[in-house]
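Structure, as structure tokens:
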Amino acid sequence: QVQLVESGGGLVQAGGSLRLSCAASGRAISNYDMGWFRQAPGKEREFVAAISWSANTYYADSVKGRFTISRDNTKNTIYLQMNSLNPEDTAVYYCAAKTNYFSDYASRIEYPYWGQGTQVTVSS
């Protein structure tokens, strides 16, 4: 099975940018749909963005136009470029993978594989 490790989180001021990475091992991600989710304190884990095995992309309304998801299958890695960050983006960000191409990209229960998360904190 695939193992996922996120990196790139940190502390940034409002209006700033960060790029998260999710490195996969154990399996090639070229056959996986990949997603980013986030969880703020006291809240449920929510969908942020997804990229299909064929590179179609999907975004939550709250990040559309500010975040960009991409994948580099040669590096077995996906990315989340986050621009114009605001304090509401503060959360632990998780990378996830699934092989069921027909399941809902935005539903966390459809993703069987998860990373450990990386903290993103946006100060005002």
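The values are calculated or read from the model by the stated rules, or taken from the named source; none is laboratory data. In this text the structure is predicted, and so the values were computed from the model without any measurement. With ideal geometry, Cβ positions are generated from the backbone for all residues, glycine too; neighbour counts draw on all protein chains shown. Calculation scope for accessible area: heavy atoms of the full protein, side chains included, ligands and nucleic acids excluded. Shrake-Rupley method; radii C 1.70, N 1.55, O 1.52, S 1.80 Å.
The figures follow:
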read-out	value
Hits in the stretch 22-35 - residues which are open to solvent by less than 30 Å² (accessible area, probe 1.4 Å) and either assigned to a strand (DSSP E or B) or farther than 17 Å from residue 98 by Cβ (or both)	22, 24, 33, 34, 35
Meets criteria (open to solvent by 50 Å² or more (accessible area, probe 1.4 Å), in contact with a Gly (Cβ under 9 Å, 6 or more places away or on another chain) and β-branched (Val, Ile, Thr)) for residue 5	yes
Residue that is nearest to residue 70 (Cα to Cα) [pool: residues in the stretch 41-53 that are more than 12 Å from the chain's Cα centre (by Cα) and open to solvent by 20 Å² or more (accessible area, probe 1.4 Å)]	53
Any chance residue 73 is open to solvent by 30 Å² or more (accessible area, probe 1.4 Å) and within 14 Å of residue 18 (Cβ to Cβ)	no
Tally of residues being modelled with pLDDT under 95 and either in contact with a Gly (Cβ under 7 Å, 6 or more places away or on another chain) or open to solvent by 20 Å² or more (accessible area, probe 1.4 Å) (or both) across the stretch 88-104	5
Count of the stretch 72-107 residues which are β-branched (Val, Ile, Thr) and either assigned to a loop (DSSP other than H, G, I, E, B) or more than 21 Å from residue 7 (Cβ to Cβ) (or both)	3
Whichever residue in the stretch 108-124 is under 28 Å from residue 14 (Cα atoms) and part of a loop (DSSP other than H, G, I, E, B) and, among such residues, is modelled with the lowest pLDDT	124
Selected residue (criterion: nearest to residue 108 (Cα to Cα)) from residues of the stretch 44-61 that are part of a loop (DSSP other than H, G, I, E, B) and in contact with a strand residue (DSSP E or B) (Cβ under 8 Å, 6 or more places away or on another chain)	45
Unique match (being touching a residue at least 40 places away in the same chain (Cβ under 8 Å) and either surrounded by 17 or more Cβ atoms within 10 Å (Cβ to Cβ) or in contact with a His (Cβ under 6 Å, 6 or more places away or on another chain) (or both)) among 38, 19	38
